[in-house]
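The values are calculated or read from the model by the stated rules, or taken from the named source; none is laboratory data. Small disclaimer: the values here were computed from a predicted structure and weren't measured. Quick note on the areas: whole protein, heavy atoms, side chains included, nothing else; ligands and nucleic acids left out. Shrake-Rupley method; radii C 1.70, N 1.55, O 1.52, S 1.80 Å.
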Amino acid sequence: MLELQTESAAETQELGEKLGLLLRPGDVVRLEGDLGAGKTTMAQGICRGLSVDEPVTSPTFAIMHHYNGKYPVYHIDAYRIENELELEELGLEEFLEGDGVSLVEWAKNIISIMPSTYLLVEIKIPQANPESRLITFSSEGAQEAFEYLLKELAD
Ligand code: ADP
Ligand code: MG
């Protein structure tokens, strides 16, 4: 587990960029945090690190945005998915299981199709400063899967 703190949205994006440079095809990143915590901000940085050169915006209404970076990037926001039927119709498994990199906001709404192993990124807003974010990175499932990445990110 790795815990880091950022003091601005730009800093969170820089951290995301560092993370994006370390991700590999097939990786799934679960972005956790309340509304406004900075999940999409982090995703923007990750996409930059993956050489996505289009603007990255919140996929809340589209559910998923697909970018072509170094690898295909699938940015999913499951906030609006309300039930299993809706989930089935979207066919998101195909993307999560594919050779791209998937970034998932509100994964609890698609928990039945989340892989057993993924990188968990939790973002919290400390009481003291509204521009600060406490960000923790950890491997969920196979612990060794992201060991290399956590080490690199800590440097
Ligand atoms: P989410 O996707 O989690 O709902 P967003 O990334 O859309 O959140 O929004 C986060 C908001 O918080 C943005 O307006 C961003 O500018 C602001 N913000 C302020 N400080 C930070 C920080 N340190 N890291 C990330 N976002 C920050
Ligand atoms: Mg968002």
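At-a-glance table
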{"quantity": "The range 11-25-the range 44-96 distance, computed between alpha-carbon centres (Å)", "calculated": "16 Å"}
{"quantity": "Antiparallel bridge percentage (DSSP; both residues within the range 6-134; nearest 5)", "calculated": "35 percent"}
{"quantity": "Rotationally averaged projected area of the range 1-43 (alpha carbon convex hull; nm²)", "calculated": "3.4 nm²"}
{"quantity": "Cα-based shape type of the chain, given that a ≥ b ≥ c are square roots of the gyration tensor eigenvalues and the cut on a/c is 1.5", "calculated": "rounded"}
{"quantity": "Accessible surface of Thr57 - all protein chains present, 1.4 Å probe, nearest 10 Å²", "calculated": "70 Å²"}
{"quantity": "Tyr71 - accessible surface, heavy atoms, 1.4 Å probe, Å² rounded to 10", "calculated": "60 Å²"}
{"quantity": "Note, ³J(HN,Hα) from phi for the range 94-102, Karplus 6.51, -1.76, 1.60, rounded to Hz, x at Gly and Pro", "calculated": "3, 6, 5, 8, x, 8, x, 9, 10"}
{"quantity": "Accessible heavy-atom area order of His65, His75, highest first, probe of 1.4 Å", "calculated": "His65, His75"}
{"quantity": "Listed pairs Lys39/Lys108; Lys18/Lys108; Lys39/Lys70 exceeding 19 Å between Cα atoms", "calculated": "Lys18/Lys108; Lys39/Lys70"}
